[in-house]
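Novice: Quick one: structure below, then a few questions.
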Amino acid sequence: MYNTFQTIIIPGILAFVAAYLGISFLMRYLYSAGIVAEDRNKAKVVKLPSSAGLGFALGIVIGILVYTFGGSFVFKPVINISILLSVALSIILITLVGFLDDINVKQERVKSTGMMDIREGLKQWQKPILTVLGALPLMAIDAGVHMVELPFVGVVSLGLIYPLILLPLAIIFVSNSVNLLGGFDGLQPLMALVAALGLLAYNIMFGTYIGAFLSALLSAALLAMLPFNLYKAKVVPGDSFTYAVGATLVAIMVMGNSEAFGIIIFIPWIIEFLLHARKKFKVTDLGIRQRDGSFKAPYGKKIYSLTHLVMNLKKKATETDVAYYLTALEVLFVVLAFAMKLSGLL
């Protein structure tokens, strides 16, 4: 009972506090250092501090270290400490890759992902290569179970293919897909929070203790992010945030043996990836701001992002409409995943 509740709740609370304080400090530091991004969704374009993922990742890592400290001096740990530290290292490495992308800020606007922007970032081909760094610690410890349960397929034995091939591919795909869907205040942390809470509930009901633990830390850090990124945002999450979220989600699915459930709840990001691929990833999620504050889809009726779909379906869609509609879509996929699990399809 002690390990089930206190060793999740206490690290979760401290993860929230660390993430909140970390983001608060970074806001001022990043802005003064010129690590900024343009918020073009307001009546007047403003520059906001970017790369808040550094503070966000700090919260998750602090939560892991709190459990590690407790497991060394206070209680007998249920989770293998070496596995937890490998997850922490994975998150740190991939967050630093995202930070490299965030700090490439130009004095004048340049062509980037289908629009003119001051933040050029890494080249498209560099991102998947560098994000594989986040998979190395998990590959080194042979993370996960080689027997994987896939939707509509059942249990499949993958052997060494799982840790050496599928795991790095999952890190690359998930982290970069989370990065694709954004551009509106609150959109990225809200959708990720729904996914994290879904994984938390799943791991408590059907998964593993380590899956529940990591889900709790991710949820706590995302809650700390919300006050800074909900409309009107004070900070831009940046690639350091989206990459950290992606790496943590993969770690939860792998450690919680919840890959099948994870695939279902990740479908909105899979759709986003496929939509972006139609235009070779040279596309913007942003809309064309109207005088009344609403947004028109940038490519007319052509849909290259789920944000474009919302702007086409809802007349005079506002920034909060886009964020809340897509968050509601993620809720539907979490409900679908639970329905499939309870009906025996997962």
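One line per residue, one yes/no per condition, for (1) of a type in the set (S, T, N, Q); (2) surrounded by fewer than 18 Cβ atoms within 10 Å (Cβ to Cβ); (3) in a strand (DSSP E or B):
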{"site": "Leu275", "(1), (2), (3)": "no, no, no"}
{"site": "Thr284", "(1), (2), (3)": "yes, no, no"}
{"site": "Pro298", "(1), (2), (3)": "no, no, no"}
{"site": "Tyr304", "(1), (2), (3)": "no, no, no"}
{"site": "His308", "(1), (2), (3)": "no, no, no"}
{"site": "Val322", "(1), (2), (3)": "no, no, no"}
{"site": "Ala328", "(1), (2), (3)": "no, yes, no"}
{"site": "Leu332", "(1), (2), (3)": "no, yes, no"}
{"site": "Leu345", "(1), (2), (3)": "no, yes, no"}
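Novice: Restricting to the range 320-344, and then to whatever is hydroxyl-bearing (Ser, Thr, Tyr) and under 30 Å from Lys232 (Cα atoms), can you tell me which residue is nearest to the chain's Cα centre (by Cα)?
Specialist: Here is the first cut: in the range 320-344, the residues hydroxyl-bearing (Ser, Thr, Tyr) are 320, 324-325, 327, 343.
Pick out the ones that are also under 30 Å from Lys232 (Cα atoms) and you get 320, 324-325, 327.
Values: Thr320: 19, Tyr324: 17, Tyr325: 18, Thr327: 13 Å.
Going through the qualifying residues, I end up with Thr327.
Novice: State all residues of the range 241-258 that are over 22 Å from Tyr325 (Cβ atoms), surrounded by 24 or more Cβ atoms within 10 Å (Cβ to Cβ) and not small (Gly, Ala, Ser); if no residue qualifies, say none.
Specialist: Tyr243, Thr248, Val250, Ile252, Met253, Val254, Met255
Novice: What's the number of the condition Phe184 fails, among (1) in a helix (DSSP H, G or I); (2) crowded, with 24+ Cβ neighbours inside 10 Å?
Specialist: Checking Phe184 against (1) in a helix (DSSP H, G or I); (2) crowded, with 24+ Cβ neighbours inside 10 Å, the one that fails is (1).
Novice: Which of the residues spanning the range 236-265 are in a helix (DSSP H, G or I) and either of a type in the set (Ser, Thr, Tyr) or under 8 Å from the mean Cα position of the chain (by Cα) (or both)? Write out each step before concluding.
Specialist: Of the residues in the range 236-265, the ones in a helix (DSSP H, G or I) are 238-255, 259-265.
Result: Ser240, Phe241, Thr242, Tyr243, Ala244, Val245, Gly246, Ala247, Thr248, Leu249.
Novice: A further question follows. Which count do you get for residues in the range 286-296 that are touching a residue at least 24 places away in the same chain (Cβ under 8 Å) and either at positive phi or surrounded by fewer than 21 Cβ atoms within 10 Å (Cβ to Cβ) (or both)? Talk me through it step by step, then tell me what you get.
Specialist: Of the range 286-296, the ones touching a residue at least 24 places away in the same chain (Cβ under 8 Å) are 286-287, 289-290, 292-295.
Cutting the leftovers down to either at positive phi or surrounded by fewer than 21 Cβ atoms within 10 Å (Cβ to Cβ) (or both) gives us 289-290, 292-294.
Counting residues in the range 286-296 that are touching a residue at least 24 places away in the same chain (Cβ under 8 Å) and either at positive phi or surrounded by fewer than 21 Cβ atoms within 10 Å (Cβ to Cβ) (or both) gives 5.
Novice: Further question: Tell me, please, whether a residue that is under 21 Å from Val335 (Cα atoms), among the hydrophobic types (A, V, I, L, M, F, W, C), assigned to a helix (DSSP H, G or I) and within 10 Å of the chain's Cα centre (by Cα) can be found in the range 198-212. Can you show your working first?
Specialist: Going through the range 198-212, the residues under 21 Å from Val335 (Cα atoms) turn out to be 198-208, 211-212.
Now narrow it down to the ones that are among the hydrophobic types (A, V, I, L, M, F, W, C): 199-201, 204-206, 212.
Filter once more, so that each one left must be assigned to a helix (DSSP H, G or I): 199-201, 204-205, 212.
Next cut, within 10 Å of the chain's Cα centre (by Cα) only: none.
Within the range 198-212, none of the residues are under 21 Å from Val335 (Cα atoms), among the hydrophobic types (A, V, I, L, M, F, W, C), assigned to a helix (DSSP H, G or I) and within 10 Å of the chain's Cα centre (by Cα).
Novice: Being in contact (Cβ under 8 Å) with a residue 60 or more places away in the chain and assigned to a loop (DSSP other than H, G, I, E, B) is the filter; apply it to the range 46-75 and report the residue that is farthest from Leu223 (Cα to Cα).
Specialist: Selected residue: Phe75.
Novice: Next question. What is the one condition in (1) over 16 Å from Ala88 (Cα atoms); (2) assigned to a helix (DSSP H, G or I); (3) in contact (Cβ under 8 Å) with a residue 40 or more places away in the chain that Asn312 does not satisfy?
Specialist: It fails just one condition, (3).
Novice: Pull up the range 2-23, narrow it to residues that are surrounded by fewer than 14 Cβ atoms within 10 Å (Cβ to Cβ) and among the β-branched types (Val, Ile, Thr), then point me to the one that is modelled with the lowest pLDDT. Even if it seems obvious, please write down each step before you answer.
Specialist: Just the residues of the range 2-23 that are surrounded by fewer than 14 Cβ atoms within 10 Å (Cβ to Cβ), to begin with: 2, 4-6, 9.
Checking which are among the β-branched types (Val, Ile, Thr) leaves us with 4, 9.
Values: Thr4: 64, Ile9: 92.
If we take residues in the range 2-23 being surrounded by fewer than 14 Cβ atoms within 10 Å (Cβ to Cβ) and among the β-branched types (Val, Ile, Thr), then Thr4 is modelled with the lowest pLDDT.
Novice: While we're here: So which residues in the range 145-198 are of a type outside the set (A, V, I, L, M), over 30 Å from Ala224 (Cβ atoms) and at pLDDT 80 or above? Write out each step before concluding.
Specialist: Narrowing the range 145-198 to residues of a type outside the set (A, V, I, L, M): 146, 149, 151-152, 154, 157, 159, 162-163, 168, 173, 175-177, 179, 182-186, 188-189, 198.
Imposing the further condition that a residue be over 30 Å from Ala224 (Cβ atoms) reduces the set to 146, 149, 151-152, 154, 157, 159, 162-163.
Residues satisfying the conditions are Tyr162, Pro163.
Novice: Which condition number in (1) surrounded by fewer than 17 Cβ atoms within 10 Å (Cβ to Cβ); (2) modelled with pLDDT under 65 is the one that Leu122 fails?
Specialist: Among (1) surrounded by fewer than 17 Cβ atoms within 10 Å (Cβ to Cβ); (2) modelled with pLDDT under 65, Leu122 violates only (1).
Novice: Ala224 is checked against (1) closer than 25 Å to Gly344 by Cα; (2) among the small types (Gly, Ala, Ser); (3) at pLDDT 95 or above; (4) surrounded by 17 or more Cβ atoms within 10 Å (Cβ to Cβ) and fails just one. What number does that condition carry?
Specialist: With respect to (1) closer than 25 Å to Gly344 by Cα; (2) among the small types (Gly, Ala, Ser); (3) at pLDDT 95 or above; (4) surrounded by 17 or more Cβ atoms within 10 Å (Cβ to Cβ), Ala224 is out only on (1).
The values are calculated or read from the model by the stated rules, or taken from the named source; none is laboratory data. Note that the structure is predicted; figures quoted are calculated from it, not measured. For neighbour counting, all protein chains shown are included, and Cβ atoms are generated from backbone atoms with ideal geometry for every residue, glycine included.
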